[in-house]
Amino acid sequence: MRPIPAAAAACWLACSLHAGVLSAGAPPDSIWPRVAANMRLVNDEQREIVDWARYYARKPDATQRLLARSQPFLWYIVEAVERENLPAEIALLPAIESGFDPHAASPQRAHGLWQFLPATGRALGLPTTTQYDARRDPIASTDAAIRYLRSHYARFGDWHLALAAYNIGAARLSRLLEAQPRGTDFWALQLPRETHEHVRRLMGMALLVEQPQRFGIRLPPIADRPAAETIALDRPVNLRQAARIAGVPEAVITVYNPGLGNLDSTSVKRGILLPTAHAQRLRAALDRTPAPVVTSAPKARVHVVQPGESLWRIARRYDTSVDALMQHNKLRHAGLIRPGSRIEVPAGTSS
């Protein structure tokens, strides 16, 4: 199991303190039986799956912390999975992809619960800017992940294959399947070991959630109800200022709205999630504010060109286009940059 990053640990602690995850007993309306009741894929007798469930059970503290991090948004994920009639095991996929850490980032620049790469996120309608990264927005990214998995299922006709495609890509999986007999059991297919292990890890986590008593582990208490409510914003808001006025800890806003790049302006996102008590205080503060609490528009960043860098490479780094850089910097040709020269990166792009 991957180590728990400091940011993720802080996120879990903030969730716990403000939403009751550290309560002594499980709530009577625990969400876990609901998840277990709708599982359709897990095989509780397959040795590799049982081995993975035992692996998680041997690290009970780490496993409980991992699952507890889902508390602010697990209900929304389960709702979306059920609404689209997907197997409930898919609601646990973020446990394998990101450890249920919406701030998780891979070396390949995949971000969020569902670990979308920038190009995949854009293709699925998830904007990525300095102010708002929809890949880190639990609700927006969950809806995108379900559409993505549904497209894989429509293509391959099997949920195990859909999960494999999520791991290695649909095009690569298609090439691997072309040379193999149709109707072959998924586990007998010649696929990369990493892909088989990715699916087995998910099934192992699912088996643990389905049968916690069998593996001697206690699941963290998460209620089967929304952990937060939505505050609609009819104007750009400086949440840092509003939170100070309302007495709402900034950490709570960050935990429930991980897609926000900063709290200085919500010019992109028109609604935020907060637990009820905090939501009521923030609404009252916004109602008392006579004028929009906004900050100045974000400024363009400056990039100093390094030896060997091209405008294409700079554009790729900041998730923008060569045309956007050329237009903003009034360049007539993409080759007109030199080491040491300064390139302005338009506001609204990400690094």
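The values are calculated or read from the model by the stated rules, or taken from the named source; none is laboratory data. Since we're looking at a predicted model, the values are computed, not measured. Note that we place each Cβ from the backbone using ideal geometry, even for glycine, and neighbour counts take in every protein chain shown. The area values use the complete protein model at the heavy-atom level, side chains included, leaving out ligands, DNA and RNA. Shrake-Rupley method; radii C 1.70, N 1.55, O 1.52, S 1.80 Å.
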_Förster radius 35 Å - calculated FRET efficiency between THR120 and ARG244, Cβ distance, rounded to 0.05_ = 0.40
*Write down the accessible area per residue of the range 93-143 in Å², having rolled a 1.4 Å probe over the full set of protein chains.*
32
*asked:* Please compute, over every Cα-Cα pair in the range 52-114, the percentage with a separation greater than 15 angstrom.
replied: 55
*Counting pairs of alpha carbon atoms under 8 Å apart in space and at least six apart in sequence, what relative contact order in percent does the range 142-289 give?*
18
_Carbon/sulfur fraction of accessible area - the range 150-192, other protein chains in place, 1.4 Å, %_ = 48
*Chain lengthening between ARG270 and ARG218 when straightened (0.36 nm per residue, less Cα-Cα)*: 14.9 nm
*asked:* What does the net charge come to around VAL305 if you take all other residues with beta carbon closer than 15 Å to its beta carbon, with K and R at +1 and D and E at -1?
replied: +4
*Sequence of MET326, MET203 from largest to smallest accessible area, 1.4 Å probe*: MET326, MET203
*Please pull out the direction-averaged projected area of the range 160-265, using the convex hull of its alpha-carbon atoms, in nm² to one decimal place.*
11.7
*Values of log10 I(q)/I(0), in the order q = 0.09, 0.14, 0.18 Å⁻¹, for the range 38-156 under a Debye, Cα-only, solvent-free model*: -0.26, -0.64, -1.02
*asked:* Calculate the FRET efficiency for ARG225 and ARG147 from the Cβ-Cβ distance with a Förster distance of 22 Å, rounded to the nearest 0.05.
replied: 0.30
*Starting from the Cα-Cα distance between GLU79 and ASP323, subtract it from 0.36 nm times their residue separation and give me the gain in nm to one decimal.*
83.7 nm
*Roughly how many Å² is the accessible area per residue of the range 164-265, as a whole number, for a 1.4 Å probe?*
45
*What is the distance, in nm, between label points placed 7 Å from the Cα along the Cα-to-Cβ direction at ALA284 and at ASP44?*
4.9
_Compactness index (Cα Rg / 2.2 N^0.38 Å), the chain_ = 1.09
*Show the residues, 5+ positions off or on another chain, whose built amide H is closer than 5 Å to the amide H of HIS303.*
ILE343, GLU344, VAL345
*What value, in deg cm²/dmol to 500, does the helix sum -39500 (n - 2.57) over DSSP H runs of n ≥ 4 give at 222 nm once divided by the residues of the chain?*
-13500 deg cm²/dmol
*Take the alpha carbon atoms of the range 108-236, find their radius of gyration, then divide it by 2.2 N^0.38 Å using N residues; give the quotient.*
1.29
*Kyte-Doolittle mean at least -0.5 and Cα axial length at least 20 Å: DSSP H helices in the chain*: 138-156, 193-210
_Solvent accessible area, Å² - ARG47, 1.4 Å probe, full protein context_ = 150
*Rank by packing, highest mean first: peptides 107-117, 222-232, with packing defined as the count of other Cβ atoms within 10 Å averaged across residues.*
107-117, 222-232
*So what is the relative contact order for the chain, in percent, with contacts set as C-alpha pairs under 8 Å and at least six apart?*
21
